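What follows is one structure encoded as structure tokens, with my remarks underneath.
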Amino acid sequence: MTRSPAPLPSPERRRHLREAASLTQAQVARRIGVTRGTVRAWESGRTTPRGPGREAYADLLTSLTRTVATVKADKVTNTQETAPPTRMTVSPHQQPAPPAATAAPVGLTPAQAFDALYAFCAPALVRQTYLLSGRRELARESVERAFQLAWQRWPEVAVDPDPAGWVRATAYEYALSPWHRFRPRYRHPEPPPADASDRALLDTLLTLPAPYRRTLLLYDGVGLDLPETAAETEASTPAAAGRLLHARAAVAARLPGLAKPAELHRRLAEVASAQRLRAAGPPAVRAGGERRARFWTRAAIAVTVAIIGATALTVRTAPTRYEPPVPAGETVQGVPRRAAPGTLSGKELKLRAKLRSGIQHGPQRLIPLPG
């Protein structure tokens with residue numbers, strides 16, 4: 001008889017067990033012998049574990065369930081002892097889903113859930129945007145703008161299957177915007193890294209086109225698999241694979257020591273960690289987002305009032321009746337023609353004869369003659 005596959009909990013329960021044990025997706029992947037993207041797909045419900053990986057995953061979840069149950073029993077029997085808070089270690093690029101991503105605990109306010117997401121994702125996200133843009137101030141600004149937008153749309157972001165990915169995509173889009181080149185504060189380059197190898201790697205990354213740079217960072221830096229990278233960059237899987245291969249080839253051509261993906265991942269983490277990149281606190285980001293929302297709301301109201309006022313003034317000063325335009329000129333008929341001069345009188349005939357018989361030329365003509 002064949003052994004029936006071990007039952008697995010729901011995807012949300014899988015993620016909850018991993019987070020309760022303070023394990024990252026990469027750590028779970030190493031224990032099972034799969035990639036981090038596979039574990040992420042299992043926890044999101046996009047794929048179902050099969051084969052030997054399913055058995056190993058089921059055994060791990062069973063052990064995690066027992067561990068969590070034991071911890072809960074200890075807390076119930078010893079209510080006076082407070083357990084120290086668990087501290088999760090995250091690499092500069094690795095960004096597993098935060099604890100508040102799937103199911104917020106009962107009694108957790110939106111501000112507390114937002115602060116937890118920000119504290120978990122912002123430090124790594126600032127380093128990633130620095131590798132994309134090569135500017136420290138722009139990296140911090142991109143992350144703050146992304147989280148401010150997330151706070152404005154928090155009902156939508158809170159129920160998103162991957163809120164960290166939502167914020168990351170928003171920060172990447174802002175950091176790679178071509179309009180920053182027209183801003184006065186970003187017209188001049190920032191001081192490069194002090195280490196020569198770090199400068200060479202950062203310069204190489206900045207020479208890549210923005211889609212290639214983003215694909216390389218997501219796959220070799222953050223650790224997403226190819227379908228997730230293609231989805232986040234809004235490209236097909238073959239297109240994302242082509243961008244990744246071209247980006248790796250360009251980096252390897254200028255820096256032969258980084259031809260291996262593992263070495264490239266390590267160097268990306270080192271370059272990002274060497275910079276002093278600190279994001280603002282969550283309350284400051286939330287307050288800044290609310291101020292920005294109030295400003296644009298008031299600006300929209302002011303523009304609307306100005307349009308209404310201009311319309312009312314136009315209606316008030318516009319003519320209330322129709323005034324036909326002045327018609328073009330027309331030819332007047334029936335007017336008698338002007339009469340020609342008649343015959344000359346005798347006196348006029350004598351004067352004409354005298355004038356004709358007089359001297360016509362010479363200086364004498366200028367001297368008046370006596371009458």
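Miscellaneous remarks
- The slack in the chain from residue 317 to residue 294, taken as 0.36 nm per residue of separation less the alpha-carbon distance, amounts to 4.8 nm.
- Residue 156/residue 254 FRET efficiency (R0 41 Å; Cβ-Cβ; nearest 0.05): 0.50
- Prolate/oblate/rounded label for segment 145-277 (Cα gyration tensor, a/c 1.5): oblate
- Pair residue 206, residue 245: separation of 7 Å Cα→Cβ label points (nm): 3.0 nm
- Put a dot 7 Å past the Cα of residue 195, heading toward its Cβ, do the same for residue 177, and the two dots end up 3.2 nm apart.
- To the nearest 10, the accessible area of residue 144 is 50 Å² with a 1.4 Å probe.
- Model label sites at residue 274 and residue 137, defined 7 Å from Cα along the beta-carbon direction, differ in position by 2.3 nm.
- Heavy-atom surface analysis with a 1.4 Å probe gives segment 252-363 a carbon and sulfur content of 62 percent of its accessible area.
- Cα-based reach from residue 260 at 18 Å (exclusive), listing aspartates and glutamates while leaving out same-chain residues under 8 positions away: 198, 220, 225, 270
- Segment 176-218 - charge dipole about Cα centre, Lys and Arg +1 at Cβ, Asp and Glu -1, debye rounded to 20: 340 debye
- Relative frequency of Cα-Cα separations exceeding 17 Å in segment 300-363, percent: 77 percent
- Computed from phi, the 3J(HN,Hα) profile of segment 186-197 under the Karplus parametrisation 6.51, -1.76, 1.60 (θ = phi - 60°) reads 10, 6, 9, x, 7, x, x, x, 6, 6, 5, 5 Hz, with x in place of Gly and Pro.
- Which of 120, 182, 147 is most accessible, then next, and so on - probe 1.4 Å: 182, 120, 147
- Over all other residues within a Cβ to Cβ distance under 13 Å of residue 208, the charged ones net out to +3, with Lys and Arg as +1 and Asp and Glu as -1.
- Each part reduced to its alpha carbon centroid, segment 144-182 and segment 197-253 end up 20 Å apart.
- Of the trypsin sites (Lys or Arg not before Pro) in segment 19-50, the ones in a loop by DSSP (not H, G, I, E or B) with at most 15 other beta carbons within 10 Å are 46, 50.
- Accessible area in the full protein assembly, largest first, 1.4 Å probe, for 137, 228, 263: 137, 263, 228
The values are calculated or read from the model by the stated rules, or taken from the named source; none is laboratory data. Computed from a predicted model, the values in this text were never measured in an experiment. Positions of Cβ are backbone-derived with ideal geometry, glycine not excepted, and every protein chain shown enters the neighbour counts. Heavy atoms of the whole protein, side chains included, go into the accessibility calculation; ligands, DNA and RNA do not. Shrake-Rupley method; radii C 1.70, N 1.55, O 1.52, S 1.80 Å.
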